[in-house]
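Undergrad: Sharing a structure with you now.
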Amino acid sequence: MEIVCPKCLSAADNVDKETLKCSKCHSEFHKIKFRSTLLKVAVVMAVGGGMGFHKAKEARYPVNIEYAIIDSCVTSSGNDITYRLLDKKREKCICALERTMKNIEFDESDDAALKREFSKNIKSC
């Protein structure tokens, strides 16, 4: 463990264990409280790891599938529309996809069930 002197900021390699003084500036360490960074790191990792685990459990489709669903939903009419209507339609498609992902896990073989659920959700968004 490396101890850094708080007064001269030098690495105190030769600390006198009896008097707890820095070998360079001779300031005393006995009045200083040492805190363990190991505990802080452990807490941060535990909290961060728990959040990461929660995110890992989130049901997601492959990115290319999500993109294809949103893209086909937004461009389904084939008509020219204003940017404002395009944004509203995109929000509605995203809402439907989010609801669909909550209800149905991605399965390449069951395309019909995904389409039925998405159609139901697009009407309710």
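Undergrad: What are the pairs with Cβ atoms under 8 angstrom where one residue, in region 61-82, is more than 20 Å from Asp110 (Cβ to Cβ) and the other, located anywhere, is among the charged types (D, E, K, R)? Sequence gap at least six, or different chains.
TA: Hits for this filter: Val74/Lys89; Val74/Arg90; Ile81/Lys89.
Undergrad: Hey, can you tell me all the residues within region 86-125 that are among the basic types (Lys, Arg) and either outside any helix (DSSP H, G or I) or under 13 Å from Ile69 (Cβ atoms) (or both)?
TA: Narrowing region 86-125 to residues among the basic types (Lys, Arg): 88-90, 92, 99, 102, 115-116, 120, 123.
Arg90, Lys92, Arg99, Lys115 - these are the residues of region 86-125 that are among the basic types (Lys, Arg) and either outside any helix (DSSP H, G or I) or under 13 Å from Ile69 (Cβ atoms) (or both).
Undergrad: Considering region 99-110 alone, what residues qualify as being modelled with pLDDT under 85 and not polar (S, T, N, Q)? Before the answer, list the steps.
TA: Quick first cut of region 99-110, residues modelled with pLDDT under 85 only: 106-110.
Matches in region 99-110: Phe106, Asp107, Glu108, Asp110.
Undergrad: Would you be able to say whether some residue in region 62-69 is modelled with pLDDT under 80, exposed (fewer than 10 other Cβ atoms within 10 Å of the Cβ) and not β-branched (Val, Ile, Thr)? Steps first, please.
TA: Start the filter on region 62-69 by keeping residues that are modelled with pLDDT under 80, which leaves none.
The answer is no; no qualifying residue exists.
The values are calculated or read from the model by the stated rules, or taken from the named source; none is laboratory data. Just so it is clear, the structure is predicted and the values come from calculations on it, not from any experiment. Every residue, glycine as well, gets a Cβ built from its backbone with ideal geometry; the counts of neighbours run over all protein chains shown.
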